[in-house]
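Undergrad: Below: one structure in structure tokens.
The values are calculated or read from the model by the stated rules, or taken from the named source; none is laboratory data. Note that the structure is a prediction, hence the values are computed from the model and not measured. Neighbour counts are summed over all protein chains in view; Cβ atoms, including those assigned to glycine, are modelled from backbone coordinates with ideal geometry. Remember, those area values only see protein heavy atoms, side chains included, never the ligands or the DNA or RNA. Shrake-Rupley method; radii C 1.70, N 1.55, O 1.52, S 1.80 Å.
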Amino acid sequence: MNRGVVQAAGRYALGLLLLGLSLAGCSKETPSSGGSSSVAQGGKPKIVFVFKVGGISYSDACKAGAEQANNDPKIDATVEYEAPDQASAGKQAEIIDQARVGGANAIVVSPDDAQAVVPALDKAADAGIQTFTWDSDAPTSKRKFYVAAVDDVQIGVDIADALAKAIGGKGKVLIFSGQRTAQNLNKHVEGMLEGFKKYPGITVAQPIYYNDDDKTKAVALAVQALQANPDAVGIACANSVSPPAAGEALRKLGRVGKVKVWGLALPSETRTYLKDGSVTGLYLWDPTKLTYYTAYLVRQALRGEMPKDGEMLPGLAQPIKVNGPIVTLPLRITITKDNVDQFPF
């Protein structure tokens, strides 16, 4: 064989080798952050929960649920939990943006402001990341579904009914809530107002008092509200900070037993108030379970399995309810001075 032919053959072989190496390199490219690429290739998906605010007991209980999900082989996902140090839709949006560029496959948000988080959520959805809400909704966003522990309006009606019974169906009542822009809290208040309409002897005082889920502000505002309404006989509370704040205010003003308090709060932060009568009763759910089961449903969605009405989830005695994009878990409990010690959260 002449020398030119040998050289040509060598160059051809080298070219094939370089082409093969190039193709091999392309096949090892890292998938783009976010989306379902890592799930499709068998990787462990990343689910990021973003709550309204940290530093309150309810948030701590939600975080425990995320940690439980993170360690559960049935869920088989990396589950992270984030919350701003103060209630701020802007800070929530920043955390959502960080999750979007940080490799999240799913982002689950309890919005501080149902509208303000929509651009950040939708930007994540447009990037191929599946988005969801839990605890509180952003219904105009591109979220896949919203997971609630109870019907957000009906629980407000239930609180109104319980408080009405406690005050004998007559008198002036106050309403306390957290953020003005939180979808779930506004739904609770909507239910309270609707519920009180059934009792012609009850007057709802105005304004509604919003404490932004700030414990110090909540106590100060409760004292202010009670001083401005010395004839009030009941307080309905839409957020977890409000019942203990109301109880503390009643203690400070020497009005324990004269004003009945019903609402939503954790047993652990309301136990002493229930036992001395400064808080009358509570409805709630276990926020740890709410977050854990939300992670379970989100993981199923990443597998392509959406929640179904009447579906039984592992460990729950009753089926879930699915109405369009709203998933309601059977988690409501009633808490009184007689059973408060039964609940560890």
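Undergrad: Checking E67 against (1) at pLDDT 95 or above; (2) open to solvent by less than 20 Å² (accessible area, probe 1.4 Å); (3) not in a loop (DSSP other than H, G, I, E, B), which single condition isn't satisfied?
TA: Here E67 clears every test but (2).
Undergrad: Using the structure shown, decide if V79 is open to solvent by 50 Å² or more (accessible area, probe 1.4 Å), more than 22 Å from T181 (Cβ to Cβ) and hydrophobic (A, V, I, L, M, F, W, C).
TA: Here the answer is no, as V79 does not meet what is asked.
Undergrad: A further question follows. With respect to P314, determine if the residue is assigned to a loop (DSSP other than H, G, I, E, B), closer than 21 Å to R143 by Cβ and either touching a strand residue (DSSP E or B) at 6+ places or on another chain (Cβ under 9 Å) or touching a residue at least 12 places away in the same chain (Cβ under 8 Å) (or both).
TA: no
Undergrad: Being surrounded by 21 or more Cβ atoms within 10 Å (Cβ to Cβ), at pLDDT 95 or above and under 14 Å from the mean Cα position of the chain (by Cα) is the requirement here; does D112 meet it?
TA: Spelling it out, it is not the case that D112 is surrounded by 21 or more Cβ atoms within 10 Å (Cβ to Cβ), at pLDDT 95 or above and under 14 Å from the mean Cα position of the chain (by Cα).
Undergrad: Additional query: Scanning for something assigned to a loop (DSSP other than H, G, I, E, B), touching a strand residue (DSSP E or B) at 6+ places or on another chain (Cβ under 8 Å), among the basic types (K, R) and farther than 19 Å from I159 by Cβ, does region 285-305 turn up at least one residue? Reasoning before the result, please.
TA: Start the filter on region 285-305 by keeping residues that are assigned to a loop (DSSP other than H, G, I, E, B), which leaves 285-286, 303-305.
Now restrict to residues that are touching a strand residue (DSSP E or B) at 6+ places or on another chain (Cβ under 8 Å): 285-286.
Okay, now just the ones that are also among the basic types (K, R), so none.
No, the conditions are met nowhere in region 285-305.
Undergrad: Sticking with this structure for a sec: Run down A205, A222, A236 and say which single residue is surrounded by fewer than 22 Cβ atoms within 10 Å (Cβ to Cβ), at negative phi and not β-branched (V, I, T).
TA: A205
Undergrad: Of the residues D286, D276, which single one is under 26 Å from R251 (Cα atoms), open to solvent by 20 Å² or more (accessible area, probe 1.4 Å), in contact with a helix residue (DSSP H, G or I) (Cβ under 9 Å, 6 or more places away or on another chain) and of a type in the set (D, E)?
TA: That would be D276, the only listed residue that is under 26 Å from R251 (Cα atoms), open to solvent by 20 Å² or more (accessible area, probe 1.4 Å), in contact with a helix residue (DSSP H, G or I) (Cβ under 9 Å, 6 or more places away or on another chain) and of a type in the set (D, E).
Undergrad: At pLDDT 95 or above, under 18 Å from the mean Cα position of the chain (by Cα) and surrounded by 20 or more Cβ atoms within 10 Å (Cβ to Cβ) - does that describe any residue in region 157-173? Don't jump to the end; show me each part of the working.
TA: Filtering region 157-173 down to residues at pLDDT 95 or above leaves 157-173.
From the residues that got through so far, the ones that are under 18 Å from the mean Cα position of the chain (by Cα) too are none.
For region 157-173, residues at pLDDT 95 or above, under 18 Å from the mean Cα position of the chain (by Cα) and surrounded by 20 or more Cβ atoms within 10 Å (Cβ to Cβ): absent.
Undergrad: A follow-up question, please. Please verify whether region 175-196 includes one or more residues that are open to solvent by less than 20 Å² (accessible area, probe 1.4 Å), free of Cβ contacts under 8 Å to residues at least 40 places away in the same chain and farther than 30 Å from G234 by Cα.
TA: No; the residues of region 175-196 include none that is open to solvent by less than 20 Å² (accessible area, probe 1.4 Å), free of Cβ contacts under 8 Å to residues at least 40 places away in the same chain and farther than 30 Å from G234 by Cα.
Undergrad: What number of residues within region 319-329 are open to solvent by less than 40 Å² (accessible area, probe 1.4 Å) and not aliphatic (A, V, I, L, M)?
TA: Looking only at region 319-329, we keep the residues that are open to solvent by less than 40 Å² (accessible area, probe 1.4 Å), and these are 320, 322, 327-329.
Keeping just the survivors that are not aliphatic (A, V, I, L, M) gives 328.
Residues that pass the stated criteria total 1.
Undergrad: Working carefully through the options D135, D126, find the one that is open to solvent by 40 Å² or more (accessible area, probe 1.4 Å) and modelled with pLDDT of 95 or more.
TA: Details: D135 fails: open to solvent by 40 Å² or more (accessible area, probe 1.4 Å).
Selected residue: D126, the only one of D135, D126 that is open to solvent by 40 Å² or more (accessible area, probe 1.4 Å) and modelled with pLDDT of 95 or more.
Undergrad: Scan region 299-318 for residues that are open to solvent by 80 Å² or more (accessible area, probe 1.4 Å) and either touching a Ser or Thr at 6+ places or on another chain (Cβ under 8 Å) or among the aliphatic types (A, V, I, L, M) (or both) and jot them down.
TA: Passing the criteria: M306, M312, A317.
Undergrad: Cβ contacts < 6 Å: first residue among the charged types (D, E, K, R), restricted to region 123-148; second residue assigned to a loop (DSSP other than H, G, I, E, B), any location; separation 6+ or different chain. Result?
TA: D135/S110
Undergrad: Next question. In the set S268, S278, which member is over 24 Å from K142 (Cα atoms) and at pLDDT below 95?
TA: Numbers: S278 fails: at pLDDT below 95.
Among S268, S278, only S268 is over 24 Å from K142 (Cα atoms) and at pLDDT below 95.
Undergrad: Which of the residues that make up region 323-335 are part of a strand (DSSP E or B) and out of contact with any strand residue (DSSP E or B) (no Cβ under 8 Å at 6 or more places or on another chain)?
TA: Within region 323-335, the subset part of a strand (DSSP E or B) is 323, 326-328, 333-335.
Selection gives N323 alone.
Undergrad: Could you list all residues from region 192-239 that are hydroxyl-bearing (S, T, Y) and touching a Gly at 6+ places or on another chain (Cβ under 8 Å)?
TA: Y199, T203, Y210 - these are the residues of region 192-239 that are hydroxyl-bearing (S, T, Y) and touching a Gly at 6+ places or on another chain (Cβ under 8 Å).
Undergrad: Which one of the conditions (1) closer than 15 Å to A238 by Cβ; (2) touching a Ser or Thr at 6+ places or on another chain (Cβ under 7 Å) does K172 fail to meet, given that it meets all the rest?
TA: (1)
Undergrad: Can you name every residue in region 245-260 that is open to solvent by less than 30 Å² (accessible area, probe 1.4 Å) and in contact (Cβ under 8 Å) with a residue 60 or more places away in the chain?
TA: A245, A246
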